[in-house]
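The block underneath contains the structure these notes are about, expressed in structure tokens.
Every number here is computed from the coordinates shown, using simple stated rules; none is lab data. Remember, predicted model here, so these are calculated numbers, not experimental data. Neighbour counts run over all protein chains shown; Cβ positions are idealised from the backbone, glycine included.
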Amino acid sequence: MQTLSRDGDPTRTPDAPRPLVLLAENDSRLASFLDRALAGAGYRVERTDKLDHALGSLERVMPDVVLLDPGPGGLEIASQLRARTDVPIIVLSPFNSLQERVAALDAGADDYLPIPFAVEELLARLRAVLRGRALAAAGATARARQGTLTYNDITMDLDTREVRRADRKVELRHKAFELLACFMRHPNRVLSRRELLEDVWGYDFLGDSNVIEVTVSNIRQAMEAEGEPRLIFTVRPIGYILTNRSPSLTQSTVTG
């Protein structure tokens, strides 16, 4: 087995307890491997082999992050977990289709990691979601209200997390909301994938992850559900832009 360093959560002070991972995984062999790998990296692990026990485990142990098998019934568990807590959820799945990723993010997952994956990537994503949660907590105590963002016919209330396009309410969950907010803060500017990953997910590009593409697709579907014109465009090979003008960039390919 690969030797792992005890890096754990980089935001943890020396006297703080090690981060606790709730591992909800049906595959006992994978669960055993991850249990050992996480312990070797400095995490405490609470393990359940039955997904429907994850809710009870959540309330009993109060984990810092959840690693979740998406099925069968795993995405419904993810929705229930998200309804009860803001604890980061990373879905570990043998499926790698766009539809599977969208479903997981819609259910409230913070990230989606297809199996097989490198242990180093999982640890990096754990560090990222823990860092993001720490920063969010710090930001929440620093401000009472965040206010409203507007662009074209889009309005975002950052406090109620309500999105409207003209008079229509748009349902955006979790990372889709945060990603749109990032675009709204920087309209008419091309944002690289690296910038978006660091701003919304808290980490740089890892492996072949297409979590941005999935989340942008999710936003587009919601924002254009009644035939509204597209406002988020792909700028290849750089990233994306929010604009109501016809985007044209030299030395770049702009697509819908």
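Numbers below:
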{"item": "Residues A124 and T85, FRET efficiency given R0 of 35 Å [Cβ-Cβ distance, rounded to 0.05]", "result": "0.95"}
{"item": "Gain on full stretching of the segment that runs from S97 to H53 - 0.36 nm per residue minus C-alpha separation", "result": "13.1 nm"}
{"item": "Per-residue Cβ neighbour rank within 10 angstrom, fewest leading, R173, R101", "result": "R173, R101"}
{"item": "Net charge contributed by nearby residues that have their C-beta within less than 13 Å of V45 (K/R +1, D/E -1)", "result": "-1"}
{"item": "Burial ordering of I238, I154, fewest other beta-carbon atoms within 10 Å first", "result": "I238, I154"}
{"item": "Relative exposure of R236, R165, judged by other C-beta atoms within 10 Å (fewest first)", "result": "R236, R165"}
{"item": "Amide H partners (placed H, <5 Å) of E162, local residues excluded", "result": "D157"}
{"item": "Value of relative contact order over the range 20-141, rounded to a whole percent, pairs C-alpha under 8 Å and six or more apart", "result": "22"}
{"item": "Spin-label pair F33/R185, simplified geometry with 7 Å Cα→Cβ offset, distance in nm", "result": "3.7"}
